[in-house]
Amino acid sequence: MNLDNCNIVAISFFMKDLLADKKLSKTPFRKEVLAIFCQHENAIPLSTIEKALEGYNRITLYRTIKIFLEKGIIHEITISGEESNYAICRDCDQVTHNHQHVHFKCKQCSTIFCVEVDPFPAIVLPGYQIDQLEIQATGLCVECNV
C-alpha cells in the first residue's frame, strides 16, 4: 500500500504518541515495525513484517512483537493450522486485550479481518469465569463475495 505525504505525517504522529502512551522508547526499529502495521488495514503474518524489513535482527523483531503484545499495541490472531497474524489494537492496555470483534478469514484471498460486531455476543457459562472470548469465522469477505 502506498502512502501519500499526508498519511505519512499522520502515521508518524500516531506512532510517536502510541509509543509514548505505552511508555516505550521510540527506537527507529520500533517505529519501523509500527509503520508496517499502519500500512495494512487487516491482520498480517510475521512473514509480511519480515519481508518489509531490511537487514533486521530476528531476535530484535521477536522482542519488539512481544513487547507490542504485552503493552496492548497489537494483538495476536491464531487460527488453527495457520501462521499467527497480528493486528493493531484499538482500546487495549498491558493488563487486558479487550476485543469486541470477530476474526474472519476469507477462504478465497486468505486475508484475516477484525470485524466489529454490535452487539458482541454475550456467552454465559454457569460456574465458569470467562476472562477472554475470541470468535473466529471463515467464509468469503466482502471483496470476494461478489
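The residue that is farthest from I79 (Cα to Cα), counting only those in the range 94-146 that are at pLDDT 90 or above and polar (S, T, N, Q), is Q129.
Per this entry, E32 is counted among residues that are crowded, with 16+ Cβ neighbours inside 10 Å, closer than 20 Å to A20 by Cα, acidic (D, E) and out of contact with any Pro (no Cβ under 6 Å at 6 or more places or on another chain). Restrict the check to the range 60-80 and report whether at least one residue is modelled with pLDDT under 85 and either among the β-branched types (V, I, T) or in a loop (DSSP other than H, G, I, E, B) (or both). Scanning the range 60-80, I find at least one residue that is modelled with pLDDT under 85 and either among the β-branched types (V, I, T) or in a loop (DSSP other than H, G, I, E, B) (or both), so the answer is yes. Residues in the range 112-146 that are in contact (Cβ under 8 Å) with a residue 24 or more places away in the chain, surrounded by 10 or more Cβ atoms within 10 Å (Cβ to Cβ) and in a loop (DSSP other than H, G, I, E, B): E134, L140, C141, E143, C144. Is it true that some residue in the range 83-103 is assigned to a helix (DSSP H, G or I) and closer than 21 Å to T27 by Cβ? Within the range 83-103, none of the residues are assigned to a helix (DSSP H, G or I) and closer than 21 Å to T27 by Cβ. Tallying residues that are among the polar types (S, T, N, Q) and touching a Leu at 6+ places or on another chain (Cβ under 8 Å) within the range 17-49 yields 2. Exactly one residue out of K51, K71, K107 is in contact (Cβ under 8 Å) with a residue 24 or more places away in the chain, surrounded by fewer than 13 Cβ atoms within 10 Å (Cβ to Cβ) and not polar (S, T, N, Q): that is K107.
The values are calculated or read from the model by the stated rules, or taken from the named source; none is laboratory data. Because the structure is a prediction, the values reported are computed rather than measured. With ideal geometry, Cβ positions are generated from the backbone for all residues, glycine too; neighbour counts draw on all protein chains shown.
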